[in-house]
Amino acid sequence: MKRNKLRVALLMAALMMTVTAFAKKAHDVDGKVVDEKGQPLAFVNVVLLSLPDSAFVQGTVTDEDGLFSLVADKSGGVLRVSSVGYVTQYLSVTAVSGFAVQLKEDAQMLGEVVVAGHLPKTKLTGEGLQMNVEGSVLANVGSAEDVLAKTPGIIKNTNGLEVIGKGSPLVYINGRRVTDMSELERLQSNEIQSVEVLTNPGAQYDATVRSVVRIRTVRRQGDGFGFSLDASDSQSPRWLTHNDPFGALNVNYRTGGVDIFGGINYQRFSFRQESNIDKTSYGRDFQIDEVGTLEAESFERSLYGNAGVNWQLADNHFLGGKMEWGRKLMRNLRTVVNDKVYENGTLTDELATVSDDCLGDRTPYNLGANLYYNGLVGGKLGIDINLDYYGSDDSTTSLSEEISSMSHNASVSSVSYNASRLYAAKAVFSYPVWKGQLQAGTEETVSRRTDEYAISGVDIPASTAQVKEDNYAGFATYAFLLGRSQLSAGVRYEHVSYAYDDALAPEASLSRNYSNWFPTLSYAGAAGPVQLMFSYSAKTRRPNYANLSSAIRYNNRYTWQSGNAQLQPELSHNIGATAVWKFVTLMINYARTDNAIMTWSSPYGDNGVILVKPRNIDTPYRTMSALVSLTPTFGPWTMNYTFGAMPQWLSIDVDDPREPTGHRVTTFNDHPVLVAQLFNTVRADGGWQFELGGTLQSPGWQQNLYMRNLFCNLTAAVQKTMLKDNALVLRLEGNDLLGMARMNVATDFGNHTIRQTNLMDLQRIKFSVRYNFNTAQSKYRGTGAGADEKARM
């Protein structure tokens, strides 16, 4: 371990020496680029040209705050400032420092059908696809979650928000990692300036991160006290007891260079699922069929809070801290399963199982803290340092009562407890070098987790496991201008030390070490009016801690569940291409994944028990996603349409006792998933807005599960804004109006098959009220460390 720490330290020292070697004592040229509203513009190309030959001297791109800094050999020259969608500016820079450049929109390039204040303009930034929200039709659509659901490349389904072909993204707001996803409900759409989707994140992100969403909020000026109040109520028309109120209060006080903020929110969550399940297990001389129903209903109540401070020490120097905490006030889950069991066609058992899960004796909570400093030293050296802590405790008590008509009855009780702790540090340095910007940094995370599980009433062993994981990483990225294009290359080195110890089953203990390099490469440019971006990245995916526990969980007499301490990390190679022309966006991504982790079930013994556990697939898993997004505006009507296809290629050699050889090859290839999102928004006078939209998803394969039916989610909303600056927003919306937002699944594991129909509690009518009083947007600039580890916990 010491050797790997030394390795990372030497890598960082070499990178900083490279920065120093390139640094020259020269005239500084720095400033800020803004749009016509005075808002900062990120990723704008800034090039210094010499006189009189207009030769290239130095080039860079603006950061997220619109700031840039150049190291020039000459005191005179011409500064060329350009960005797709804006008119290029040329300015004299003789002995100039700290000036502001304002870019005007290029109406011809944006397209003839654009109506100001309606179309969310989309452009490439060199890292991803950015959509401007401020001033567009999405500015009053509701919450940040509503905005993301209408963002090209993102789809909202029963699993929540997903980047198409990339899974659930990490979300950042003003550079700060979002750990509480309910924050996306609290953040109002009219506070959002832009949304950027990264489908191939660079080297500064953990190698497990496959997609990132970066939200930038509108920067509000002025000192004083302000607050925002959000309240909503969501009602299920199918199950009247499912009524979910939500309330949030956020306060902010700003004076001089000090910004103090805090908030608290309460929410109630209810959910219901009704399923019909057919399962068949095959042995050498037997076949066991289970035909049954499942009804699950859960209720939760939670309380969350946060508080923090940001202090602007001086120009370009910021220091701050933030704490977040959460607590489950109540959690009740009742599951009722009725099964008929047939062995070789003969009814052998009828079983009714009622299970109740609730909070255990130890109070569940989570607590997070972040300290940060970021600034600009000497006008050129950017520094961003974050220290993070995250801890969570959870415990559950379960009781299952089984009544059998043809066998013995049983009462099974269990108690589980888990505690997680994370300590993380991340430092990122940036410096202008030659024709571009060098970024280098290091990130360390130390994770500890305890899992305890005890069960009575059935012959399943208890477990007391300790998981230790240390991750040491160093990374570097260099981005430079190549004519009117930008080329970026980066690499990340990670060394991971992992240990799993079970005090009650020492034979299951193991330890591993991984050392990997993860390169990234991207190109962004333009071919006439078309913006283009191409990217490559190598990524990994490590199993979450729950999947590493070998403890067997009892669901019912015939279904058990377990983790797998033998799981290996996935390794994938990703290639992407994006093109933007006027209101048309085309995105294509391809990935090959080795050691893919998938859920698998198989017979456990000869008594009909099925054990569900994750495993590594020993054949390559190939996926592709291709989508086109159209966002034209005609008068008050804005269209946001996305069409996509997600084919995959996967073949697995499975055990099947029905075959003479005892095994066969199963393919999961023949039906690609097709998706369509059709959102329509009409604005009317008096602050009225009307919305009608829908999400369609065809049957098809997703990993080793086949989605058997057409998924259709029809949504509608009516919204009214009132008072000065639209301070009061009233919104009525409906979800799953047709009751067709469900996914029925089927799969074939060789010696075990499953077919399941599902009715989910997704049909909702929701009314919300949002009010802002003298709100001043927080200046918090912490970016956080150990983001992926928090997600795994």
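The values are calculated or read from the model by the stated rules, or taken from the named source; none is laboratory data. Predicted model, so just to flag it, every value in this text is computed and none were measured. Positions of Cβ are generated from backbone atoms using ideal geometry, with glycine treated the same way; all protein chains shown enter the neighbour counts. Note: accessible area is taken over every heavy atom of the protein model, side chains too, but ligands, DNA and RNA are not part of it. Shrake-Rupley method; radii C 1.70, N 1.55, O 1.52, S 1.80 Å.
For region 295-406, with equal point scatterers placed on the C-alpha atoms only and solvent neglected, what are the log10 I(q)/I(0) values from the Debye formula at q = 0.13, 0.20 1/Å, to two decimals? For region 295-406, the Cα-only Debye profile gives -0.72, -1.03.
Taking a ≥ b ≥ c as the square roots of the Cα gyration tensor eigenvalues, with a/c under 1.5 meaning rounded and otherwise prolate when a/b beats b/c, else oblate, which class fits region 452-573? Prolate is the answer for region 452-573, as a/c is 1.5 or above and a/b outweighs b/c.
By DSSP, the beta bridges lying fully in the chain are antiparallel in about 95 percent of cases. Computed from label points 7 Å out along Cα-Cβ, the spacing between Ser511 and Asn338 is 5.4 nm. Overall, the accessible surface of the chain at a probe of 1.4 angstrom is composed of carbon and sulfur to the extent of 58 percent. DSSP beta bridges fully contained in region 590-689 are about 100 percent antiparallel.
Helix-only arithmetic for the chain: the sum of -39500 (n - 2.57) across DSSP H runs with n ≥ 4, divided by the residue total, places the mean residue ellipticity at 222 nm at -1500 deg cm²/dmol. Short-range pairs are left out: with C-alpha atoms under 8 Å and at least six residues apart, the relative contact order of region 639-681 is 55 percent.
Centre-to-centre separation between the Cα atoms of region 151-204 and those of region 251-265: 24 Å.
Solvent-accessible area per residue in the chain equals 42 Å², computed with a 1.4 angstrom probe and all protein chains kept.
With R₀ set to 25 Å, the beta-carbon distance separating Ile403 from Trp239 gives a calculated FRET efficiency near 0.50. Loop-located trypsin sites (Lys or Arg not before Pro) in region 296-367 (DSSP state not H, G, I, E or B) with no more than 16 neighbouring Cβ atoms inside 10 Å: Arg362. Positive end of the dipole of the chain (Cβ unit charges, origin at the Cα centre): among Gly308, Val87, Ala296, the Cα lying farthest that way belongs to Val87.
Could you rank the peptides 312-319, 129-136, 351-358, 586-593 by their average count of other C-beta atoms within 10 Å per residue, with the highest value first?
Working: 312-319: 14.4, 129-136: 22.0, 351-358: 18.0, 586-593: 19.5.
So the peptides 312-319, 129-136, 351-358, 586-593, ranked by packing, come out 129-136, 586-593, 351-358, 312-319.
Set against the labelled values [x] 49, 45, 30; [y] 47, 30, 26; [z] 46, 36, 26, semi-axes √(5λ) of the Cα gyration tensor in Å computed from this structure falls on [y]. Each principal axis of the Cα cloud of region 142-204 was evaluated for its coordinate range; sorted largest first, these ranges are 29, 28, 20 Å.
First check a/c for region 736-778, with a ≥ b ≥ c the square roots of the eigenvalues of its C-alpha gyration tensor; if it is under 1.5, answer rounded, and if not, answer prolate when a/b is larger than b/c or oblate otherwise. Oblate shape, in that a/c is at least 1.5 and b/c is the bigger or equal ratio.
Using R0 = 41 Å, the C-beta based FRET efficiency linking Leu611 and Ile264 works out to 0.45. Just to confirm my numbers, what's the Cα centroid distance between region 673-720 and region 403-466 in Å? First find each Cα centre; the distance between them is then 34 Å.
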